[in-house]
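Asks: First, the structure itself, so that you have it in front of you.
The values are calculated or read from the model by the stated rules, or taken from the named source; none is laboratory data. Everything quoted here is computed from the prediction, not taken from an experiment. Virtual Cβ from ideal backbone geometry, glycine too; neighbours counted across all protein chains shown. Accessible surface is based on the protein model in full, side chains and every heavy atom, while ligands, DNA and RNA are left aside. Shrake-Rupley method; radii C 1.70, N 1.55, O 1.52, S 1.80 Å.
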Amino acid sequence: MSNNRINKLPPNIVESPYLESLNLNNNPIEEFSRNYNNKEQLIIAFNEAGFIQKNEIPKNTKIAQAYMNLGNDKKDPLIKLDFYKKAYEIDSLFTDTKIRNDDYADALLKAGDYKKAIKYYSRAIEKDTARGPYILNFIVPNFQNRAKAHLLQGDTLAAINGLVYVSGRFSSGNWGEAALLAKKIGKDSLANQYFKKGKKFYEKQINWNEKDENIDFGYQLSLLELYIIEEDFKKATDYYKVLIEEDISEKGKRILLEYFGFVLDMLQDGINQSQLISFKEKIFTDNFKINSWSFELFKNWLKQSTIDSSKIEQIYSLTFILENNN
């Protein structure tokens, strides 16, 4: 029944005892326009439509699994969480053994249940690290999100410890974030240690890539960023002068390098306004994409830096323009 003009579910559909599945994709029927793969998903839809009451829904593992499957398909974390909660109401023990720990933790984090989110991120991490070959695209984000939950809960040390662990064991490159957090709570010696490890990490990656002749300048830009947030502006400026002479063919990375150059100028009172205006025009008019880059670390540094507030505002303004026109 997909790709039709069905605009409502008929109430007497519940009187079809042999109906096992129904495809209503691409119908003008709002949230009911989906593919119901099994009878359990249909029962859930009948309840959502008001055709059957909550107490008429069978309490079995198939219904719980159907709620979880529907939750897994949702993009909105809060809607996802609602389906997961209903699965728990049907069969809490079964759901807790079958639920996708990271998806559930993401939804809990979004809903503000940080303590519970930490629990399920930890379960996801334990499961992923115990299964053998590591899938870092799953493991690293779980460590990072758990650290975020720790921070939102007010446990900065736990966040630091998690970031240090994942950086050391899985080479995630979160040393800069750990250093900023350590600096934020007055542990300057730890911050210096983490900055040092971060620089060694990027230098090692750069050397490996150069040996393999696989240079894309992502690690070089990350190292430059680390020099800046460490506030070693002399070293950052010297390294920028080296990079600006390189043949960086990817337009996005070239623009990101120029951005760091203007940041350093702002920090050291050497800004050329006409050049800055031309650079902003380039951001607005050039067709470019900065791949695999986040400005979050840089913005976190700006939030806690003690450098002159007018310079901070200038850098924020330029960062906002680049981030939002990328």
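Asks: Please go through segment 263-275 and give me each residue that is open to solvent by 20 Å² or more (accessible area, probe 1.4 Å) and either touching a helix residue (DSSP H, G or I) at 6+ places or on another chain (Cβ under 9 Å) or closer than 15 Å to S317 by Cβ (or both), ordered by number.
Replies: If the condition is that a residue be open to solvent by 20 Å² or more (accessible area, probe 1.4 Å) and either touching a helix residue (DSSP H, G or I) at 6+ places or on another chain (Cβ under 9 Å) or closer than 15 Å to S317 by Cβ (or both), then D265, Q268, D269, G270, I271, N272, Q273, Q275 are the ones that fit.
Asks: Still on this structure, please answer the following. Quick check on segment 302-326: of everything there that is under 25 Å from E281 (Cα atoms) and of a type in the set (A, V, I, L, M, F, W, C), which residue is surrounded by the most Cβ atoms within 10 Å (Cβ to Cβ)?
Replies: I315
Asks: Select from segment 5-24 the residues that are surrounded by 13 or more Cβ atoms within 10 Å (Cβ to Cβ) and either in contact with an Asp or Glu (Cβ under 6 Å, 6 or more places away or on another chain) or polar (S, T, N, Q) (or both) and list them in ascending order.
Replies: Hit for segment 5-24 is N23, nothing else.
Asks: Answer yes or no as to whether W293 is hydrophobic (A, V, I, L, M, F, W, C), within 25 Å of E213 (Cα to Cα) and crowded, with 16+ Cβ neighbours inside 10 Å.
Replies: yes
Asks: A follow-up question, please. Got a number for residues in segment 151-171 being outside any helix (DSSP H, G or I) and either among the acidic types (D, E) or open to solvent by less than 30 Å² (accessible area, probe 1.4 Å) (or both)?
Replies: Residues that pass the stated criteria total 1.
Asks: Follow-up question, since we're still on this one. Can you name the residue in segment 126-153 that is within 12 Å of N101 (Cβ to Cβ) and over 15 Å from the mean Cα position of the chain (by Cα) and is also modelled with the lowest pLDDT among such residues?
Replies: Taking the candidates together, the pick is D128.
Asks: Now for a separate question. If you go through segment 231-257 one residue at a time, how many are open to solvent by 40 Å² or more (accessible area, probe 1.4 Å) and either under 18 Å from F295 (Cβ atoms) or within 24 Å of the chain's Cα centre (by Cα) (or both)?
Replies: Total satisfying the criteria: 5.
Asks: Among all residue pairs at least 6 apart or on different chains, which show Cβ distances below 6 Å where the first residue, located in segment 226-244, is at positive phi and the second is open to solvent by 40 Å² or more (accessible area, probe 1.4 Å) and of a type in the set (D, E, K, R)?
Replies: Listed by first residue and then by second, the contacts come to nothing, as the list is empty.
Asks: Which of the numbered conditions does L108 fail, given that it passes all the others? Conditions: (1) at pLDDT 95 or above; (2) surrounded by fewer than 18 Cβ atoms within 10 Å (Cβ to Cβ).
Replies: Of the numbered conditions (1) at pLDDT 95 or above; (2) surrounded by fewer than 18 Cβ atoms within 10 Å (Cβ to Cβ), the odd one out for L108 is (2).
Asks: N142: open to solvent by 40 Å² or more (accessible area, probe 1.4 Å), part of a helix (DSSP H, G or I) and not charged (D, E, K, R), yes or no? Even if it seems obvious, please write down each step before you answer.
Replies: Numbers: open to solvent by 40 Å² or more (accessible area, probe 1.4 Å): no; part of a helix (DSSP H, G or I): yes; not charged (D, E, K, R): yes.
The answer is no for N142.
Asks: If you go through segment 74-84 one residue at a time, how many are outside any loop (DSSP other than H, G, I, E, B) and either under 18 Å from the mean Cα position of the chain (by Cα) or hydrophobic (A, V, I, L, M, F, W, C) (or both)?
Replies: Counting residues in segment 74-84 that are outside any loop (DSSP other than H, G, I, E, B) and either under 18 Å from the mean Cα position of the chain (by Cα) or hydrophobic (A, V, I, L, M, F, W, C) (or both) gives 6.
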